[in-house]
Amino acid sequence: MDREHTCCFTGHRPDKLPWGTDETDPRCAALKEKIAEAVERAYQAGCRHFICGMARGCDLYFCRVVLDLRSHRPEVTVEAAIPCESQTDSWPEAERICHAGLLDQCDFETMVQHRYDRGCMMRRNRYMVDRSCRIVAVYDGIPKGGTANTLAYALKQELTVDMIGLE
């Protein structure tokens, strides 16, 4: 996939979301709708390939949205960028099952490295940014953490940023 037609995603895990893992919360539904709108803007801007880091929380929301887009726009492809083989080992069972189901539907799977180490998430994030022209970001504005670092790197690489704030 060429960079000019690729969009990636960064966003928060449940511990930074006001509703945690409760996807029935109306704020979660509103966020998913904003992600869908951002994905549609990326599609309208020419993006046909979407890369997701497959982390808990917002990443999985993004993956679902893009898979839904692909269901009526078959030229869309979805790539799962996996930081390491053990990414889901400590996750709650329901989230592991959800992750596996989404992963099965992706067109491509890229394993950034086999074993976990302190830098594997950052390498996964850089992998996504380095292959994209655009990024959708769900960001709470706190200038530390993986989302903040990925966003800063994307800005340095001059990606088009579609920012979604948390309410």
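Throughout, read-outs are computed from the coordinates displayed, never taken from laboratory work. Here the structure is a predicted model, which means the values were calculated and not measured. Every residue, glycine as well, gets a Cβ built from its backbone with ideal geometry; the counts of neighbours run over all protein chains shown.
Going highest first, how would you order 29-35, 131-137, 52-58 by mean Cβ packing within 10 Å?
Packing proxy ranking, top to bottom: 52-58, 131-137, 29-35.
Once you order the gyration tensor axes a ≥ b ≥ c over the Cα atoms, which shape class does the stretch 20-119 get: rounded for a/c under 1.5, otherwise prolate or oblate by comparing a/b with b/c? Before the final figure, lay out the partial values.
On the way: a/c = 2.01, a/b = 1.24, b/c = 1.62.
Cα axes put the stretch 20-119 in the oblate bin.
For the chain, what does the equivalent ellipsoid look like in terms of its semi-axes, each the square root of 5 times an eigenvalue of the Cα gyration tensor, given largest first in whole Å?
On the way: eigenvalues 79, 69, 61 Å².
Listed largest to smallest, the semi-axes of the chain are 20, 19, 17 Å.
Find the eigenvalues of the gyration tensor of the Cα atoms of the stretch 105-167, then list the square roots of 5 times those eigenvalues as equivalent ellipsoid semi-axes, largest first, in whole angstrom. Mind dumping the intermediate values first?
Numbers: eigenvalues 87, 45, 29 Å².
So the three semi-axes of the stretch 105-167 are 21, 15, 12 Å.
Using Cβ contacts closer than 10 Å as the measure, can you line up His12, His5 from fewest to most?
Values: His12 23, His5 18.
Starting with the residue having the fewest Cβ neighbours, the order is His5, His12.
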